[in-house]
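Here is the structure we will look at, set down as C-alpha cells.
The values are calculated or read from the model by the stated rules, or taken from the named source; none is laboratory data. Everything numeric in this text was worked out from a predicted model, so none of it was measured. Neighbour counts are summed over all protein chains in view; Cβ atoms, including those assigned to glycine, are modelled from backbone coordinates with ideal geometry. For the accessible areas, the whole protein counts, side chains as well, though only heavy atoms, and no ligand, DNA or RNA atoms are used. Shrake-Rupley method; radii C 1.70, N 1.55, O 1.52, S 1.80 Å.
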Amino acid sequence: MSTPALLAALLLAAAARPLTAQDAEGLEPRVAARVDSLFRRFTAAGSPGCALGIMQHGRLSYAKGYGLASIELGVPITPATVFDIGSVSKQFTALAVLLAVQDGTLSLDDELQKYLPELPRYGKPVTIRHLLHHTSGLRDYLDLLAWSGVQEESVTGAREALAVLSRQRAANFAAGDEYLYSNSGFFLLSVVLERASGQSLRQFAAQRIFGPLGMRHTFYLDDHAEIVPGKASSYAPRGANGFALALANWEQIGDGGVQTSVQDLQLWERNFSEPTVGGAAAIRELETPGVLNDGKPISYALGQSVDRYRGLRRISHGGSWAGFRAQLSRFPEQRTSISALCNVSNAAPASLVNRVADVLLAGNVSTAAETPPAASVPPEQEAVVHPLVAYVGRYHSDELLADWEITLAGDSLRVRVGPLLESRFLPTSHGGLVAGSRVHFLEANGSITGIT
C-alpha cells in the first residue's frame, strides 16, 4: 500500500474507533448530579427509562442509563442498550440518498415516478428533493393504513404501504407549495434507493454509513421477528404505576427503523463536526433548510429541523414508534450534542434534552423563558346537525384498503374500520375524529352521502 493510501486508511480507522470511557472528559460532579436529577423518575423500582449521551467538543463527556431495558428480566439500561429511534432515522436515510447522489446513482431533482412508475401523478412533479423536505404533498401512509384498519401490532411492509399510496387520487397540495410532515416521503426514499442502487437501504447504510463510522450496533430493522441483541423492550403506562408491552410489527423503513444506542450515536454526531462519511458537502446539504415554490424558507432540512432554542442554533429531530421515544439535538456553535433514547411512551425525551441543554449551556442560553403555547380554549359544544341514525351505514373509498361501518350505540356512534379498529365518536357540524384525524361528512339534499 502506498504511503498516502496507508495514511488514509489509518485516518479512517481512527475515525471509526468507538468512543470509550477513556475518551470522556466527564462532567463536573455538581453538573452530573443536576443532569441525573432530571431522569430521577425512571429510577423507581420496576420502571422502564432512558439512555442519555452527551458529546462536547468532539468528545464523549457523559453517557448513562436510567431505568430498566427489560422489566421482566430486571435488566438495566446502559449506554450500550439498543433502542428503536423512530423518525430520528430520517437523517440517516437522507445521508444515504446524498451518498447515492455523489455516486451518480440519483439526482435530487429526479421525478419520483422515474423509480416508482406505479404511483400516480398529481400535476406538479414530485422530486426526491420534495420527499426530503416534506414538501411533496403526498399523504402519510401511516394515516392511510390506520384509516384502513391496520393496527401497529399487524405485520405490514413496503408492499402494503405502496398499495395504499398507489390508490390515492389526489395530494394534499401541489409539490413544493407547502410544508407538511409526511412519513411517506422517507419511506418512498428507501424504495427509490433500492431500485436505483440494487441494494436495500439496510444493506446500503450498513456498507456506506454504519460500517465506516464504526457504529457496530446500528442498523435498519426490516424484519419484525428478528432478534436484536441488547435491545430494550418497549412499554406504555398502564394504570397508576404499571406498564404494558407496546408492540409494533410494521416493517417499512426509511421514515424509521434504525436501531442504535447512545454510544453509537456519538460516532454519528462526530461526523457532523469532523466529516468522514459524505464529506463536508453532504453535511452542509443535510443542514440546509428547504425553500417553497414562492421562495419562503422552511425550518426543515434533510431529516433534521433547524431552529433556535433560547437564542442558540439547534439542529434536532425526535422519534416515536410503539413505546420507544427518542430525541437527538445538536448545538453546533457550542459543539454540544445530546441524545436521549427511551423505552416508554410517556418519556418525553424532547423536554428532557432541552432541560439537559439548560444545565450544560447555562452560560449561553437566553434567560428569557421560551414563548409559552397559546392557552387552550375549550371549544363550544357543537350541535349535531342530523339525528345520529342518519350517519349509520357502510362507507367505501377506493383510496383505502377497508370500508368504514358506522353503527348506533346508545347516545353515540361507533365506527369500525376493517376487522379490528373500532372507536366511539360523536359527529358535529365540523365532522368528527376517527383514528386520530378529523373526518367530514358529505351531504346531498339533506342526507349524508359519504365521508372525506
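Within this structure, ALA225 fails the test of being open to solvent by 20 Å² or more (accessible area, probe 1.4 Å), among the aliphatic types (A, V, I, L, M), touching a Leu at 6+ places or on another chain (Cβ under 7 Å) and part of a loop (DSSP other than H, G, I, E, B). Residues in the range 118-167 that are touching an Asp or Glu at 6+ places or on another chain (Cβ under 8 Å), small (Gly, Ala, Ser) and farther than 21 Å from ALA246 by Cα: GLY137, ALA158, SER166. Taking the range 52-71 as the search range and keeping residues that are assigned to a loop (DSSP other than H, G, I, E, B) and open to solvent by less than 40 Å² (accessible area, probe 1.4 Å), which one is farthest from ASP84 (Cα to Cα)? The extreme case among them is GLY58. Taking GLY49 as the residue in question, decide whether it is at pLDDT below 95, under 26 Å from the mean Cα position of the chain (by Cα) and open to solvent by less than 20 Å² (accessible area, probe 1.4 Å). Here the answer is no, as GLY49 does not meet what is asked.
Residue-by-condition table, conditions (1) of a type in the set (D, E, K, R); (2) without any contact (Cβ under 8 Å) to a residue 24 or more places away in the chain:
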| residue | (1), (2) |
| --- | --- |
| LEU180 | no, no |
| SER197 | no, no |
| ALA206 | no, yes |
| LYS231 | yes, no |
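Within the range 268-281, the set of residues being under 17 Å from ARG314 (Cβ atoms) and open to solvent by less than 60 Å² (accessible area, probe 1.4 Å) comprises TRP268, GLU269, PHE272. Residue count for the range 21-43 under the criterion of being out of contact with any Phe, Trp or Tyr (no Cβ under 6 Å at 6 or more places or on another chain), open to solvent by 20 Å² or more (accessible area, probe 1.4 Å) and free of Cβ contacts under 8 Å to residues at least 60 places away in the same chain: the result is 13. Taking the range 298-325 as the range and being touching a helix residue (DSSP H, G or I) at 6+ places or on another chain (Cβ under 8 Å) and part of a loop (DSSP other than H, G, I, E, B) as the test, the residues that pass are ILE298, ALA301, LEU302, GLY303, GLN304, ARG310.
Suppose we filter the range 282-309 for residues that are closer than 23 Å to GLY58 by Cβ and either loosely packed, with under 12 Cβ neighbours inside 10 Å or basic (Lys, Arg) (or both); how many remain? Looking only at that region, the number is 2. Tell me which residues, restricted to the range 268-297, are part of a loop (DSSP other than H, G, I, E, B) and farther than 17 Å from ALA206 by Cα. Answer for the range 268-297, where residues must be part of a loop (DSSP other than H, G, I, E, B) and farther than 17 Å from ALA206 by Cα: GLU274, PRO275, GLU287, THR288, PRO289, GLY290, LEU292, ASN293, ASP294, GLY295, LYS296.
Once the range 424-447 is narrowed to residues that are open to solvent by 20 Å² or more (accessible area, probe 1.4 Å), over 17 Å from VAL389 (Cα atoms) and assigned to a strand (DSSP E or B), the residue that is modelled with the highest pLDDT is ARG438.
Hey, does the range 326-335 have a residue that's assigned to a strand (DSSP E or B), open to solvent by less than 10 Å² (accessible area, probe 1.4 Å) and either more than 23 Å from SER182 (Cα to Cα) or in contact with a Cys (Cβ under 9 Å, 6 or more places away or on another chain) (or both)? Among the residues of the range 326-335, at least one is assigned to a strand (DSSP E or B), open to solvent by less than 10 Å² (accessible area, probe 1.4 Å) and either more than 23 Å from SER182 (Cα to Cα) or in contact with a Cys (Cβ under 9 Å, 6 or more places away or on another chain) (or both), which makes the answer yes. For the range 14-46, the candidate set comprises residues that are acidic (Asp, Glu) and in a helix (DSSP H, G or I); within that set, the residue that is modelled with the highest pLDDT is ASP36.
On the given criteria, is LEU265 part of a helix (DSSP H, G or I) and not charged (D, E, K, R)? Yes; evaluated as a whole, the condition is true for this residue.
Among the residues of the range 137-185, the ones that are in contact with a Leu (Cβ under 6 Å, 6 or more places away or on another chain) and among the acidic types (Asp, Glu) come to 1 in all.
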